[in-house]
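Read the structure below first, then the notes.
The values are calculated or read from the model by the stated rules, or taken from the named source; none is laboratory data. Because the structure is a prediction, the values reported are computed rather than measured. When we count neighbours, we look across all protein chains shown, and the Cβ atoms used for this are built from the backbone with ideal geometry, even at glycine. Ligands, DNA and RNA are stripped out before the accessible areas are found, and what is left, the full protein with its side chains, is counted by its heavy atoms. Shrake-Rupley method; radii C 1.70, N 1.55, O 1.52, S 1.80 Å.
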Amino acid sequence: MFTVDWNNNLLYLFENIYKTKPEEKLICAEIGSFEGKGSIRIVNHLCSNENSVLYCIDHWEDYYTKDKSLFPEFQKLFIGQYERFKHNTKNINKIIEMKGFSDFMIDNLPNNIDFCYLDGGNNKNQVYSDISKILLKMNDNGII
């Protein structure tokens, strides 16, 4: 039960960076999980090792921006997103849900992230903040 497909770029990324599904344990993170479509793609392609996990960080509020008069075409898509995420990912035990804003939740990630899909807040200040924080959590050869 998905309303949109905003992350089909993940398929291109996986085909070009990960030619085959990694067999080693990977610790993955996703900043901005919305309804879980990207989460499922990440798990299916990168988390085939039984010890691999995906940390999903999202505030899952029922709005796109707090000022609901902005971007009205997107606002309605976010109503019920958390319930859709829970429904869409309910049978995936490799997902570790972290409900909250990335400004605070990234600090709670382990220090050995191998892959991070960054698609949370899209204004330049939030992107800069998220990148600055997640870099401190990445392995030396990690991919953002």
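If you scan the range 6-46, which residues turn out to be of a type in the set (S, T, N, Q), closer than 21 Å to Asn91 by Cα and open to solvent by 40 Å² or more (accessible area, probe 1.4 Å)?
Asn44
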Inspect all residues belonging to the range 64-74 and state whether any of them is of a type outside the set (Val, Ile, Thr) and either open to solvent by less than 40 Å² (accessible area, probe 1.4 Å) or touching a residue at least 40 places away in the same chain (Cβ under 8 Å) (or both). no
Taking the condition without any contact (Cβ under 8 Å) to a residue 40 or more places away in the chain, closer than 16 Å to Glu35 by Cα and assigned to a loop (DSSP other than H, G, I, E, B), does Asn111 pass? no
Inspect all residues belonging to the range 49-61 and state whether any of them is out of contact with any helix residue (DSSP H, G or I) (no Cβ under 9 Å at 6 or more places or on another chain) and polar (S, T, N, Q). yes
If the requirement is being within 18 Å of Asp5 (Cβ to Cβ) and open to solvent by less than 60 Å² (accessible area, probe 1.4 Å), which of these qualifies: Asn139, Asn88, Asn122? Asn88
Any chance the range 47-59 includes a residue that's assigned to a helix (DSSP H, G or I) and either under 15 Å from Phe2 (Cβ atoms) or open to solvent by less than 20 Å² (accessible area, probe 1.4 Å) (or both)? no
The range 1-27 residues that are over 30 Å from Ile79 (Cα atoms), paired with ones that are at pLDDT 85 or above and open to solvent by 80 Å² or more (accessible area, probe 1.4 Å) (beta carbon under 7 Å, 6 or more apart): Lys25/Asn51
With the structure loaded, tell me whether Gly100 is open to solvent by less than 60 Å² (accessible area, probe 1.4 Å), over 24 Å from Pro22 (Cα atoms) and either more than 13 Å from the chain's Cα centre (by Cα) or at pLDDT 95 or above (or both) or whether it fails that test. yes
